[in-house]
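As structure tokens, the structure follows; a few thoughts come after it.
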Amino acid sequence: MKKLWKSNLVKNVITSYICMIVFPVMIVLAVAFTAAGRYIYRAAADSVQIAQSAVLNLYQEEMRNTALSLSHVVTMEDGALIQEAASADRQKQSAALDRLNTVYQLLAAPKYQLLDFHIYRQDGSAVIPRWSMRYRVEELREKDWYQKALAQPGVVSTCLAGDEYFYRLRASSEAIAIAAIAPRDMPGIECIALYRRSTIPDTLQDYNKKGNVGHLLLIKEDGSSLIPGDGQIPPQVMAGIRDSSQESCQLSSEGIRYIATKVPGTALFLVSAADEGELFGPFHLFSAVSLIVIFCIVIMFIVYFWWYMNQFWTPLHRLSEGMAAVEGHHLETRVKPCSQKDMAQMIAGFNSMVGQISRLIEEKEAAEKEKYQEELAALQSRMNPHFLMNTLSTLKFMAISAHFDGMRDMVTALETILDALLSRDGTFHTVAKEQSLLESYIYIMQFRYMESFEVEIHISPEAGACQIPKLLLQPIVENSITHGFDGMEEGLGRIRITGQVVDELLLLTVWDNGKGMDEEAIQNQLSLTARPDPEKERRRTIGIRNTNRRLKLNYGEEYGVDIRSLPGHWTCVTMTLPARVPPNGAS
């Protein structure tokens, strides 16, 4: 079973499943997760901005109500009540202040939010119907809202401040809404201000206590909260908020997402500080559920795959292994039948096909063997007439020269060669026998070429005992004599023949100091399919090509002839074949 899991068939199925199903599903899920994440994040961010919008609406409503409250007080009795309250007549002032107190009660209902109402005179004094004066004159005139009111007489200016001091238990250091106006045509009155406790801090605290997304803060330009003790914005984040040219911006720092909105008409910012994990909380839940579903689907597929593999892939794997074995030339391979009907038919067909292939190959090998024997015989017969013609020419020359002793030796050598050619004891003999025939051949050729060359033969005893095809060395030596030394006018031709056994291989080499061959000629000599050019055939023998072919036909493609040559200097032909000793010491 472990081997089955490692098979190419299972690997291909798993790879196909991953590439065609898992990857596309993962891509779709990634796109879905991205879209869902953006939607969930946007929904969370929108909820934060909705809360901010609610606070901004509350702020605008509070500023408007504060301005309206001040307007009602100032316009009471067409402004006469304010002027009487600010006059120097104590009796009129006292009556006016009593009426103003009634106004306070009406404006403060139903919730007591109104704090004070001050009338500031141009002489630096103030009329304070309730409690005490809030600012010294020098402090008052440093307030932006006060200067804004003085700059635009008749227009109510509003402000939200948080670091004011009041003589009330709940008002100490709380945010207040301030409305101020510098009235026209009221001599002696510089400014009128209405102080009202803001409901925004309570609203923010209620929002934060309910566990809503993000912690909502009202921030000043220096990054501190308008409500003391309510937190501080990091300087780098506050710098980004101040530098933003938009009314609303978002910044992240240390895992916290800051969503800031500028409060219109002020130097304040409404900031929601939310943990990014909190913003993506629903998305993480959605992702976890999705991953669990995907994991369950994968487990179901593995279970199904295991069952299906046992039903179908196990016999299919056996069939695949059988095919691989047949491909490796193991034609005795047979696949074990299975119970699955369709697979059993396929396996039976495979076994029948392998049997037929085995029989056809055996028949073909027998035919090829017969064909090779005929071709080898044809190759040998092709070389023999060529040699005999040269020998007869030599005999004719010897007869003319009337050297009868040499003629006798010549004929003896020729008889030795012809006996080997015409014998019926097979097409193989030992290297030692080949050396004997080669020496007879060299004897004849030295007579023919007037001893213009000399030969050295060095055959080791191990090599001499090996079996080789008959006349294997003769064509190579003939090629050296007739073509290698052709055109040599000076110097003595030299041929060195060696034979040795190296790593169970028989290496036979023929070296000569002839004219050599270029690379094109070498490739032409070694080609088994090239057709020789008739013009070039006059200068080159076909012996090397035939010898190379004989070796490959008898021993296989890994054996044959190798040629190395330096044109104009030397040529070395090496024949490589297995070192085989004939049985029973046959020669």
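The values are calculated or read from the model by the stated rules, or taken from the named source; none is laboratory data. Because the structure is a prediction, the values reported are computed rather than measured. With ideal geometry, Cβ positions are generated from the backbone for all residues, glycine too; neighbour counts draw on all protein chains shown.
Note on segment 191-224: residues that are touching a residue at least 40 places away in the same chain (Cβ under 8 Å) and among the small types (Gly, Ala, Ser) total 3.
Taken across segment 239-257, residues that are part of a strand (DSSP E or B), outside the structural domain of residue 159 (by TED's automatic domain parsing), free of Cβ contacts under 8 Å to residues at least 24 places away in the same chain and among the hydroxyl-bearing types (Ser, Thr, Tyr) do occur, with at least one present. Put simply, of 125, 69, 94 the only residue that is in contact (Cβ under 8 Å) with a residue 24 or more places away in the chain and over 60 Å from the mean Cα position of the chain (by Cα) is 69.
Residue-by-condition table, conditions (1) modelled with pLDDT under 80; (2) assigned to a helix (DSSP H, G or I); (3) under 30 Å from residue 181 (Cα atoms):
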{"position": "4", "(1), (2), (3)": "yes, yes, no"}
{"position": "16", "(1), (2), (3)": "yes, yes, no"}
{"position": "24", "(1), (2), (3)": "no, yes, no"}
{"position": "29", "(1), (2), (3)": "yes, yes, no"}
{"position": "68", "(1), (2), (3)": "no, yes, yes"}
{"position": "79", "(1), (2), (3)": "no, yes, yes"}
{"position": "83", "(1), (2), (3)": "no, yes, yes"}
{"position": "91", "(1), (2), (3)": "no, yes, yes"}
{"position": "96", "(1), (2), (3)": "no, yes, yes"}
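All of 106, 56 fail the test of being part of a helix (DSSP H, G or I) and touching a Leu at 6+ places or on another chain (Cβ under 7 Å), apart from 56.
Tallying residues that are more than 42 Å from the chain's Cα centre (by Cα) and modelled with pLDDT of 80 or more within segment 338-364 yields 17. Here is the figure for segment 209-238: residues that are outside any strand (DSSP E or B) and either in contact with a strand residue (DSSP E or B) (Cβ under 6 Å, 6 or more places away or on another chain) or under 22 Å from residue 175 (Cβ atoms) (or both) total 19. The condition of being at pLDDT below 80, surrounded by 14 or more Cβ atoms within 10 Å (Cβ to Cβ) and closer than 30 Å to residue 87 by Cβ holds for residue 171. Say whether the condition of being surrounded by 13 or more Cβ atoms within 10 Å (Cβ to Cβ), modelled with pLDDT under 85, not basic (Lys, Arg) and not in a strand (DSSP E or B) is met by at least one residue in segment 149-163. Checked against the condition, which is being surrounded by 13 or more Cβ atoms within 10 Å (Cβ to Cβ), modelled with pLDDT under 85, not basic (Lys, Arg) and not in a strand (DSSP E or B), segment 149-163 yields at least one hit. Can you name the number of the only condition in (1) of a type outside the set (D, E, K, R); (2) modelled with pLDDT of 90 or more; (3) in contact with a Gly (Cβ under 7 Å, 6 or more places away or on another chain); (4) assigned to a loop (DSSP other than H, G, I, E, B) that residue 551 fails? The number of the failed condition is (4). For segment 465-478, the condition of being surrounded by 14 or more Cβ atoms within 10 Å (Cβ to Cβ), among the polar types (S, T, N, Q) and in contact with a strand residue (DSSP E or B) (Cβ under 9 Å, 6 or more places away or on another chain) holds for at least one residue. Screening residue 468 on (1) part of a strand (DSSP E or B); (2) under 19 Å from residue 576 (Cβ atoms); (3) out of contact with any Leu (no Cβ under 7 Å at 6 or more places or on another chain) shows it passes everything except condition (3). Residue 434 - would you say it is farther than 23 Å from residue 554 by Cα, assigned by TED's automatic domain parsing to the domain that holds residue 577 and modelled with pLDDT of 90 or more? So residue 434 fails the test. Can you tell me which residue is modelled with the highest pLDDT among those in segment 120-135 that are crowded, with 17+ Cβ neighbours inside 10 Å and in a loop (DSSP other than H, G, I, E, B)? The selected residue is 129. Out of everything in segment 49-94 that is of a type in the set (A, V, I, L, M, F, W, C) and in contact with a Gly (Cβ under 9 Å, 6 or more places away or on another chain), what residue ends up being surrounded by the fewest Cβ atoms within 10 Å (Cβ to Cβ)? Filtering first and then ranking leaves 88.
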